[in-house]
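Student: Could you have a look at this structure, given as structure tokens, before my questions?
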Amino acid sequence: MFTNLEASTTHSHLIAPHGGELVNLIVDDERAAELKAQSRDFPSWDLTARHIRDLELLMHGAFSPLREFMTRGDYEGVCHNMRLTSGLLWPIPITLDVTEPFAKGLKQGSSKIALRDAEGVMLAVLHVEEVWQPDRKAEAKAVFNTTSPLHPGVNYLLNKENPWYVGGRIEGLQPPAHYDFKNLRLTPAELRVEFARLGWRRVVAFQTRNPMHRAHVELTLRAAKQVEANLLIHPAVGVTKLGDVDYFTRVRCYQRLLTKYPHGTAKLSLLPLAMRLGGPREAIWHGLIRKNHGCTHFIVGRDHAGPGKDGDGKPFYGHYEAQELFRKHEADIGVSMVPFSMMVYVEDEDKYFPEDEVPKDKHVLHLSGTELRQRLNEGRDIPPWFTYPEVVQELRRSFPPRHKQGLTVFFTGLSGAGKSTIASVLVTKFLEVGGRPVTLLDGDLVRKHLSSELGFSKEHRDLNIHRIGYVASEITKNGGIAICAPIAPYDSTRKHVRAMIEPVGGFILVHLSTSVDVCEQRDRKGLYAKARAGIIKEFTGISDPYEEPTDAEVVIDTAELTPEEAAQEIILHLEREGFIGLNEELA
Ligand code: PPS
């Protein structure tokens, strides 16, 4: 085992902030052409979003000294004591997971794999050195200190990864393509050159996966002053936590914040990192990556790279555990930590303070991320002590109030319950108001245009509803109103649709609870008579199940209401929930 001193000496060619040796895995054109020609004989592996980000950082040396997807010795050393076989510090496994049939087709030591992106472009070649089946539970425990699937890193590892790993050296043909924010995507080598050009000898990096507000600006300004360094705002824009603000919005916010720093002292660059939310170990990883980008200091705040809370509502890691582990390995990491506690706003002083430095008996103000979302949803004021008007403006563009967001009204109920009639009343009401495009996905229409080949088995009904859900989610995501009116008899399928739509806009389930007796009496299409006579098989309510929802936002029995009255009930609900603006007259 290397001591810290030995390890950091061995590592020293990487420590120099500018001009130190960086791994670069991209081969020259001649070799690339040779590999491309040979690749006809290699198996191909299609990379996931996480693999692609890992590969990109490997190729550009952001993961120096790594040159490969890990082989077994490195992997085990990293899991158990955060050391590569060379003795160097490395806290997070960087592995390529594949399926069993794929793994079984590989030959250790002689196979090569063409690593491709989702469009089939060959990004790199992996020289297969080892193929093995890891103990992923043991990995979760060692790396994340938990096997709870509520931890996003563990959930990915245990439920999304394939069960076999392939390790080996990489030859990069071309880095993954980016078409957005191109001038903000500086590689480690480019950033080092840029720092040298600017004469920045001390650079403190700030990692974030959230929009930045006044607290973050105050924190980074203090950090930079404290260690007399320039500031690199270095947000993770690869894969972050589910539910995070999308990075397009975040980057526009960061760009607008740059004016808050003294002229020429701060720089923004984007890091295509797939985060693991691994708390303390992740903090060390972040530090190593920033060293490779030429930084000398790194800010570690409260709950750095925190994964949230476990099943008992307790945080997976202590608030300052990341700082403690970082401090222990600071010499090996090769960047100095700038530790910070949470910044809070002190009203009397109109100033931010680290929470442990708040003057006695002073009142502090705090606004949580959830409350910020709520205020945006409701179009309410966002206080200037919390953030800047420019940032509010960007956030409001991406997260308009509910009455400007997309929306799905999803009817469910028996044939003849009145779904189509009420849905078409609702369509005209929305068209009368205008402002959002309206699409009707009626059961019969969908069966004609989208699902004409399907019948009424459970499997076919589910497929039909999934198609409707997919189309509705696209409409909703793009700010339109989708009104869906299928029978949708199965609870889990309706829930699946809800889960698809809620992250991108509003979802309102309307249950037309009209009884089968009433529907049968109406029998407008004569289908109940045919079902009773056995001419139509698998008829919902007669010879096929209908699972009553328990999660409907609106329940209407049309035996007692006219279609217009029923539509009115729905409109009242939408108004109450803010999906229809106050100035929009519907009734
Ligand atoms: S499902 O279960 O949600 O996929 O059904 P959906 O696409 O809404 O189609 C229902 C319409 O198809 C007609 N139809 C049947 N309904 C139920 N069961 C059987 N076996 C069946 N066969 C044909 C019927 O006209 C339904 O239309 P609505 O508007 O509901 O009366």
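Student: Being within 24 Å of Q405 (Cα to Cα) and assigned to a loop (DSSP other than H, G, I, E, B) is the filter here, so list the residues in region 350-385 that pass it.
Tutor: Once the filter is applied, which keeps residues that are within 24 Å of Q405 (Cα to Cα) and assigned to a loop (DSSP other than H, G, I, E, B), region 350-385 yields L367, S368, E378, G379, R380, D381, I382, P383.
Student: A further question on this structure: Quick one: which residue in E548, E560, E553, E520 is out of contact with any His (no Cβ under 9 Å at 6 or more places or on another chain), at pLDDT 95 or above and in the same structural domain as V497 (by TED's automatic domain parsing)?
Tutor: E520
Student: Given the residues L407, L372, which is the only one that is farther than 30 Å from V518 by Cβ and among the aliphatic types (A, V, I, L, M)?
Tutor: After ruling out the rest, the residue left standing is L372.
Student: Are any residues in region 317-369 under 26 Å from L277 (Cβ atoms) and among the acidic types (D, E), and if so, which ones?
Tutor: E321, E324, E330, D332, E355, D356 - these are the residues of region 317-369 that are under 26 Å from L277 (Cβ atoms) and among the acidic types (D, E).
Student: For E76, state whether it is open to solvent by 40 Å² or more (accessible area, probe 1.4 Å) and of a type in the set (D, E, K, R).
Tutor: When the stated conditions are applied, E76 passes them.
Student: Separate question: Does S336 fit the bill of being small (G, A, S), free of Cβ contacts under 8 Å to residues at least 60 places away in the same chain and open to solvent by less than 60 Å² (accessible area, probe 1.4 Å)?
Tutor: No, not satisfied.
Student: Moving to a separate point now. Any chance you could count how many residues in region 392-439 are among the aromatic types (F, W, Y) and open to solvent by 20 Å² or more (accessible area, probe 1.4 Å)?
Tutor: The total comes to 1.
Student: Continuing with this model, one more query. What is the residue count in region 399-454 for residues that are away from the ligand (no atom under 12 Å from the Cβ), of a type in the set (S, T, Y) and either under 26 Å from R522 (Cβ atoms) or not assigned by TED's automatic domain parsing to the domain that holds H511 (or both)?
Tutor: Residues that pass the stated criteria total 1.
Student: Among what's in region 88-117 and is within 18 Å of M70 (Cβ to Cβ) and among the hydroxyl-bearing types (S, T, Y), pick the residue that is modelled with the highest pLDDT.
Tutor: So the residue we want is T95.
Student: Here is a follow-up. Take the residues in region 247-281 that are under 20 Å from D180 (Cα atoms) and basic (K, R); name whichever of them is least open to solvent (accessible area, probe 1.4 Å).
Tutor: Going through the qualifying residues, I end up with R250.
Student: Tally the residues that are more than 8 Å from the ligand (Cβ to nearest atom) and within 22 Å of L512 (Cα to Cα), restricting the search to region 477-489.
Tutor: Matching residues across region 477-489 total 4.
Student: Based on what the data block shows, is G578 of a type in the set (G, A, S), open to solvent by less than 60 Å² (accessible area, probe 1.4 Å) and in contact with a Lys or Arg (Cβ under 8 Å, 6 or more places away or on another chain)?
Tutor: In short, yes.
Student: Looking only at region 516-542, which residues are without any contact (Cβ under 8 Å) to a residue 24 or more places away in the chain, more than 8 Å from the ligand (Cβ to nearest atom) and either assigned to a loop (DSSP other than H, G, I, E, B) or basic (K, R) (or both)?
Tutor: G526, K530, R532, A533, G534, I535
Student: In region 221-246, which residues are open to solvent by less than 50 Å² (accessible area, probe 1.4 Å) and within 17 Å of A305 (Cα to Cα)?
Tutor: Across region 221-246, the qualifying residues are I233, H234, P235, A236, V237, G238, T240, D244, V245.
The values are calculated or read from the model by the stated rules, or taken from the named source; none is laboratory data. Since the structure is predicted, the reported quantities are computational estimates derived from the model, not experimental observations. Using ideal geometry, Cβ is built from the backbone for each residue, glycine included, and neighbour counts are taken over all protein chains shown. All accessible areas refer to the heavy atoms of the entire protein, side chains included, with ligands and DNA or RNA removed. Shrake-Rupley method; radii C 1.70, N 1.55, O 1.52, S 1.80 Å.
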